[in-house]
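Reading through the structure tokens given below for one structure.
The values are calculated or read from the model by the stated rules, or taken from the named source; none is laboratory data. As the structure is a computational prediction, the values presented were derived from the model and not from experiment. Here Cβ is always computed from backbone atoms with ideal geometry, including for glycine, and neighbour counts include all displayed protein chains. Ligands, DNA and RNA are stripped out before the accessible areas are found, and what is left, the full protein with its side chains, is counted by its heavy atoms. Shrake-Rupley method; radii C 1.70, N 1.55, O 1.52, S 1.80 Å.
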Amino acid sequence: ISDTVSIYEPVFNKSGDELLLVDQIGDQKNTDEQWTENVALTSALSTLDEREKKIIYMRYYEGKTQTEISAEVGISQAQVSRLEKNALQDIKNCIRV
């Protein structure tokens, strides 16, 4: 266990150029690029109709197969496949713009 240190503590100082601890801290998970991609994806998902949103959510957030989704939604697996494909294309088109 070591003493706590302020993030504004200088870790390097040479001829007036000071480097603070806070300058060395990075967040690999929450980058500006990640944040921008999240905003774009959320915006693109909002353009889908409710059935498409549900299928995308079940497929990519819950990890269900198309067959599992078809049984739950009450349509054929082929219809799930078609709706998923169209929804993904709509998302791609929305993000590209």
Of the criteria (1) in a loop (DSSP other than H, G, I, E, B); (2) among the basic types (Lys, Arg); (3) over 23 Å from the mean Cα position of the chain (by Cα), which one residue 29 fails: (3)
Cβ-Cβ under 9 Å pairs, at least 6 apart or on other chains, the stretch 72-96 side touching a residue at least 60 places away in the same chain (Cβ under 8 Å), far side in a helix (DSSP H, G or I) and surrounded by 12 or more Cβ atoms within 10 Å (Cβ to Cβ): none
The stretch 62-97, subset among the hydrophobic types (A, V, I, L, M, F, W, C) and loosely packed, with under 12 Cβ neighbours inside 10 Å, residue nearest to the chain's Cα centre (by Cα): 97
Condition broken by residue 24, with the remaining ones in (1) in contact with a Ser or Thr (Cβ under 7 Å, 6 or more places away or on another chain); (2) open to solvent by 80 Å² or more (accessible area, probe 1.4 Å); (3) not hydrophobic (A, V, I, L, M, F, W, C) satisfied: (1)
